[in-house]
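Undergrad: I have a structure here, written as structure tokens, and I will follow up with some questions on it.
We did not get these values from a lab; they are worked out from the coordinates using the rules stated. What you see is a predicted model, and the numbers here were worked out from it, not measured in a lab. Cβ sites come from the backbone with ideal geometry, for glycine too, and all protein chains shown count toward neighbours.
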Amino acid sequence: MLELMQTRQVKEWMATQMKAAPTATQTEAGEMSALSELVGHARRHVEMVSDAAMELPGEVESASDIVEREVAPTGWVLITTKVIALFLTGAVVELLFRLVVPKPRIRRTDDEVVTVAHHATANLLYRIVPAIVFSMATLVPLLAFNWPPVTRSMAIAIAIALVVARFTIAFGRLLVALATLPRADGERQISRAQALFWFRRCALFVIYFAFGWAAIQLMVPLGFSEGARYFVAYILGIGLFAIAVEAVWSRPVEEGQHRSIGVSWGLTLYFALLWILWVSGFNLLLWLGIYAVLLPRALSVATLAVRSLHQAEAGFLAGRRIATVLLDRGVRALIITAAAFWFGRMIGLVADRMAAGETMIDRLARGAIGGIVILLAADLLWHLARAYINGKLDDSRIEGAMTDEERASRARLQTLLPIFRNILAVVIAVIAVLMVLSGLGVQIGPLIAGAGVVGVAVGFGAQTIVKDVISGMFYLWDDAFRVGEYIESGSHKGVVEAFSLRSVRLRHHRGPLTTVPFGELGAVKNLNRDWTIDKITLNVTYDTDLVKAKKVIKQIGQQLLDNPDYCPHIIETLKMKGVEQFGEFAIVIRLAMMTKPGEQFVIRRNALAMIRNAFKENGIEFAVPTVQVSSEGHEAEAHAAAARHLSQRPSSDEPAV
């Protein structure tokens, strides 16, 4: 046994076993202590901030010494003058600009109507251009003066805060103007009082945050520790918390409604929880909580502004569907993309690390960011395609067609475009999902192969559905029927109202709606294509002048052509074809006319009324069945029988005996 344990193979095996055991133990311990690590991180962060708070007076003295050494060569007067110039230059130059350049006026011609869109354009110029002038003027003192190193950092932070504050006010007022644009009916989606309330609170929040950020950035060159900067930031954060709570408790409500106390307390506790997460150092949970409140509101405000501009009477986007969708979904995509990148930055995911890193976290972060971009691009592409297709459907309504060719073309568009829209949605969704999965590291090759196998299995198991879909494709390919046409197929008939991938909906002329799968249609009789011939049969007496009757019917056909309501629908007017047959009591004559499909019923009714009146005026009688009674030597009985027969018949203008 001792000799065996001294061999090289046994020693290597024993060494391997001894190394493997501690590794497994360490892994289990690491998994068990994940929560403890988070708690420890929060404890260390709080301890760092609390220790920095105790040392803050000493750091303030050190910062004062740095400032004294910085200001000593030039003096406090000069530095104060430069800082005051930095604060006031932008405002003074903007005021001069407004005095020199008048407020934009709306110019119009005599026949042009001034709409809210004109005011929105003037408001855009009036709000944004002065903000740009303010920003450029604020940079002048920053570049013109010779700032000492520490003071230069302070000046840069102040300039950034001033520019952010000015553009916040400009864009906020612009959003208020756009969101409160009245619709075509004069109503507003949000009242101006509510819009101004939220604008003021949001602007105050952003401006307070900007200058607080500037103060924290100023502490870096002054030598403050990281814990001290965190401590000051948390103290300033109480002001942000106060602004948010005041907005919640004093928010305006619709007339006749009451402010919910439960919602107000819930939001107050939620904001307090966010502040506690911030102080504890849980940045991931903090930003998730901030995005849960801020991101939906930002998206809703952007959508509200775009839709208000679109729904405004004669607005810039009133007749521009593609521009409206591009602006709406584009703004949403920019907001979500910026929020995703900012979230990654806040939780410590740097862009270059995500692009080059090969760890699991880097790959997941890279795939998540790429997936968000792909889904946003797919969403934008789908809404653009849907807006274009819906626009084509609205512009190609059958009711507005002027000619038969145009009506047929519009009917075909109304039939095919909805199906193409559904197919396009499925294609975009499938491609987007596959690209997202590929970005996350999932092998999509096996998924595609598996989908093919599943598709074959589903095809065998659902042959009826496959038959319906394929039959529908060939019906549409053959242009057998279109939306709005009347068709008959077996026991089914009605007007085609809509399609799906596997069925057609038929509206019967009495009202019922029937959904028929394409596989059950079979042979289809289309009653709305090209033309239709309507035949009329009349019975006239044997003594009728047929030549005269033909002339009378020809005159009626000309009168139908002279009628502006019937003439556009008549292809060949009413005419007499001749004698159809000799009946037992009448000569049967045949009339015919060719009209557009669906119009023959109204024209036929009017033609029959005209024939009845014309025949009466020209002495042409319609033949009706008669009863002739005769008896040799019994004339009295015959007259009595005839009288009884006449008394049993309904009264008429010209009875025949």
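Undergrad: How far apart, in nm, are the 7 Å Cα→Cβ label points at Arg612 and Ala42?
TA: Those two pseudo-labels are separated by 9.2 nm.
Undergrad: So, one more: How do Ser471, Ser491 rank when sorted from fewest to most other Cβ atoms within 10 Å of their own Cβ? Can you show the working numbers first?
TA: Details: Ser471 17, Ser491 7.
Going from least to most buried by this count: Ser491, Ser471.
Undergrad: In what sequence do Asp468, Asp534, Asp394 fall when counting other Cβ within 10 Å, fewest first?
TA: Ranked by crowding around the Cβ, least crowded first: Asp394, Asp534, Asp468.
Undergrad: Moving on. Using θ = phi - 60° and the Karplus relation 6.51 cos²θ - 1.76 cosθ + 1.60, list the HN-Hα couplings for region 531-546 in order, rounded to whole Hz, with x at every Gly or Pro.
TA: Running phi through 6.51 cos²θ - 1.76 cosθ + 1.60 with θ = phi - 60° gives 7, 9, 10, 10, 10, 10, 10, 10, 10, 10, 6, 5, 8, 6, 7, 5 Hz.
Undergrad: Restricting the calculation to Cα positions, tell me the Rg (one decimal) and the Dmax (whole number) of region 223-266 in Å.
TA: Rg and Dmax of region 223-266, Cα atoms, are 16.6, 56 Å.
Undergrad: Taking every pair of alpha-carbon atoms in region 505-556, give the share separated by more than 14 Å as a whole percent.
TA: Values: 998 of 1326 pairs.
I get 75 percent for the Cα pairs in region 505-556 exceeding 14 Å.
Undergrad: Just list whichever of Lys493/Lys551; Lys467/Lys525; Lys551/Lys596; Lys525/Lys577; Lys467/Lys493; Lys575/Lys616 have alpha carbons separated by over 29 Å in the model shown. List each step's numbers first, then the result.
TA: Working: Lys493/Lys551 39 Å; Lys467/Lys525 21 Å; Lys551/Lys596 25 Å; Lys525/Lys577 27 Å; Lys467/Lys493 21 Å; Lys575/Lys616 18 Å.
Those over the limit are Lys493/Lys551.
Undergrad: Give me the distance between the Cα centres of region 186-247 and region 481-541, rounded to whole Å.
TA: Each part reduced to its Cα centre gives a spacing of 67 Å.
Undergrad: Please list, in order along region 327-333, the HN-Hα scalar couplings obtained from phi with the Karplus expression 6.51 cos²θ - 1.76 cosθ + 1.60 (θ = phi - 60°), rounded to whole Hz, x for Gly and Pro.
TA: 5, 5, 6, x, 5, 4, 5
Undergrad: Within 10 Å of each residue's Cβ, count the other Cβ atoms and sort Tyr542, Tyr270 from fewest upward. Don't skip to the end; give the middle numbers.
TA: Values: Tyr542 10, Tyr270 14.
Lowest count first: Tyr542, Tyr270.
Undergrad: Compute the Kirkwood hydrodynamic radius of region 532-625, taking the inverse of the mean of 1/r over all pairs of distinct Cα atoms, and give it in Å to one decimal.
TA: Evaluated on region 532-625, it is 13.5 Å.
Undergrad: Same structure, new question: Taking N as the number of residues in region 404-526, what value does Rg over Cα atoms divided by 2.2 N^0.38 Å take? Intermediate values should be presented prior to the final figure.
TA: Details: Rg = 18.2 Å, N = 123, 2.2 N^0.38 = 13.7 Å.
After normalising by residue count via 2.2 N^0.38 Å, the value is 1.33.
Undergrad: Once amide H atoms are placed 1.01 Å from N in the peptide plane, what residues at a sequence separation of 5 or more from Val504, or on another chain, have their amide H within under 5 Å of its amide H?
TA: Long-range HN contacts for Val504: Val516, Phe518.
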